[in-house]
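Okay, structure first, notes after.
The values are calculated or read from the model by the stated rules, or taken from the named source; none is laboratory data. Computed from a predicted structure; not experimentally measured. When we count neighbours, we look across all protein chains shown, and the Cβ atoms used for this are built from the backbone with ideal geometry, even at glycine.
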Amino acid sequence: MVCGVIIKSVPVFVTGAGLLVLTVVVLLVLERRREAGKGTSVTRTALALIEDLRATGGETADVPVRFDLTVAPDDRAAYRVTVNQPINLVDIPTYRPRGVTVVEYRPDEPWEVEIVTRPSPEWLRRAETAKVDSAPEFTREKDRRKKAGSSCFIGLVGLLLGAVVVILLLRGELFDGSEPRPGSPSSSSSSSSTSTFSSSTTVSGPSASMLDIGRMRDTAESLTERVGTSSVAELSIEEHRMAVSGETGGPKNGARAIDLRTLPYELFPGLVREARNTLGVRDPEAWRIDVEPASGGRDLTVRVSVTGNAGEAGKDAKVFLEADAQGRITKRHPKN
């Protein structure tokens, strides 16, 4: 059922619910049959040899006593059994080790034995004159009903195994395509060909941002591992996204590349704040960093653009500043 809810599959949910109901019904039927059989079973009378007895309490008139008995039925071999039964304090001296007493037992549940405290005269005479030999220890009968609880345990284990099988069969639907956790990097797109590549990573969450301390460098290292090189042709950074693109094996035709390992990412948040606060944008809405590789006589350039209400330039105007590889501002647009 849980799997059905997770993958939003009605057939899986209905099947799981049906199996659960079927298991419960079967266990209830078995328990009812066992109880019904117990109610209709008959008891028989037999003699028993008291191997040992021990009082397990003594605060009331009826003292709990544990008897170790050898029961000697007329229609089957003698067997050993342990019986716990309260005996009136006055009758305690009547029971002694190696003494013979009268008991009642169930043929279908021979461990169900009860000492008859007031036997009939006939059985009383038999107990006084009979001799009962001790049965060996291996004949001891134990309460098999305790194993009934194991059937519930087996049923539970069966359900768990069934759930494991369903999860293994549906692991693709259960675990593929999971959404990224808030605040953790997650891949948003990646494509490659024999000559070019592009890849991007996003961070999600109400407070996650590329401006967080160390976030840009960690993301750049992740992208470097993903594309297999630190040399790229283009790099762009936004509030929740970093993207790179380039050519396999590095730029061709003498073009320069951007080395993701050498950029001063720790200075970029300061450049963004500078652009938002000093370029005349009253209500900055978004920012973007574009890193352009050196070309010709021009050094590597870091361009920080801000979008928002820029006064005379109007709403949604884009202003920017440029900085060099050391984070020094070299240009502002518009000029102050």
So, first residue free of Cβ contacts under 8 Å to residues at least 12 places away in the same chain in the range 204-218, second residue part of a loop (DSSP other than H, G, I, E, B), Cβ within less than 9 Å, six or more apart or across chains; the pairs are 212/183
Against the conditions (1) under 52 Å from the mean Cα position of the chain (by Cα); (2) of a type outside the set (Phe, Trp, Tyr); (3) more than 22 Å from residue 60 (Cβ to Cβ), where does residue 85 fall short? Just the number, please.
(3)
Test each condition in (1) more than 28 Å from residue 207 (Cβ to Cβ); (2) within 40 Å of the chain's Cα centre (by Cα); (3) among the polar types (S, T, N, Q) for residue 222 and report the one that comes out false.
(1)
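When you scan the range 273-295, how many residues do you find that are small (Gly, Ala, Ser) and either over 20 Å from residue 262 (Cβ atoms) or not assigned by TED's automatic domain parsing to the domain that holds residue 260 (or both)? Walk me through how you get there before you give the answer.
Filtering the range 273-295 down to residues small (Gly, Ala, Ser) leaves 275, 280, 286, 294-295.
Now drop any that are not either over 20 Å from residue 262 (Cβ atoms) or not assigned by TED's automatic domain parsing to the domain that holds residue 260 (or both), which leaves 275, 280, 286.
Counting residues in the range 273-295 that are small (Gly, Ala, Ser) and either over 20 Å from residue 262 (Cβ atoms) or not assigned by TED's automatic domain parsing to the domain that holds residue 260 (or both) gives 3.
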Consider residue 194 against the criteria (1) surrounded by 13 or more Cβ atoms within 10 Å (Cβ to Cβ); (2) modelled with pLDDT under 90: it satisfies all of them except one. Which criterion is unmet?
(1)
Among (1) of a type outside the set (S, T, N, Q); (2) farther than 26 Å from residue 319 by Cβ; (3) touching a Phe, Trp or Tyr at 6+ places or on another chain (Cβ under 9 Å); (4) modelled with pLDDT under 90 - the single one residue 251 does not satisfy
(3)
